[in-house]
Amino acid sequence: MRSKITVLNQGKSQEMDVRRGMGFQAVCAKHNIGVEFDCRKADCGICSIKVLNGAENLSVPTMEEADFLKAMRADPDERLACQTRVMGDVVIEVNYL
């Protein structure tokens, strides 16, 4: 099964069709999406993304991700790309800070 991801990045929009269940980190690498990854284990927050639509189509946050986002007082629409899998169509924004 496939999913459509729309990525907004500094005023530009990019759409891609990806395999359902693919990790967002792999999507970024494959499609040259400008998200940095450092720790890859929900410790640094450098890979924060903003979910504009389709949050229900992303994997459930891991305990580590939920704890990190809570500690950082992140907005409810923020996720860590290194912890997120695409399970359906979604619209996200990167480099929004």
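Things to note:
Yes/no matrix, rows are residues, columns are (1) modelled with pLDDT under 95; (2) within 18 Å of Y96 (Cα to Cα):
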{"position": "V35", "(1), (2)": "yes, yes"}
{"position": "C47", "(1), (2)": "yes, yes"}
{"position": "L58", "(1), (2)": "no, no"}
{"position": "T62", "(1), (2)": "yes, no"}
{"position": "K70", "(1), (2)": "no, no"}
{"position": "D77", "(1), (2)": "no, yes"}
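- Note on the range 23-75: among residues that are in a strand (DSSP E or B) and small (G, A, S), the one that is nearest to Q10 (Cα to Cα) is S48.
- Test: K30 is exposed (fewer than 15 other Cβ atoms within 10 Å of the Cβ), of a type in the set (K, R) and at pLDDT 95 or above: no
Yes/no matrix, rows are residues, columns are (1) closer than 13 Å to C82 by Cα; (2) of a type in the set (F, W, Y); (3) surrounded by 17 or more Cβ atoms within 10 Å (Cβ to Cβ); (4) touching a Leu at 6+ places or on another chain (Cβ under 6 Å):
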| site | (1), (2), (3), (4) |
| --- | --- |
| K4 | no, no, no, no |
| A26 | yes, no, no, no |
| C39 | yes, no, no, no |
| A42 | yes, no, yes, yes |
| V51 | no, no, yes, no |
| G54 | no, no, yes, no |
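The values are calculated or read from the model by the stated rules, or taken from the named source; none is laboratory data. Bear in mind the structure is a predicted one, so any value in this text is a computation, not a measurement. Positions of Cβ are generated from backbone atoms using ideal geometry, with glycine treated the same way; all protein chains shown enter the neighbour counts.
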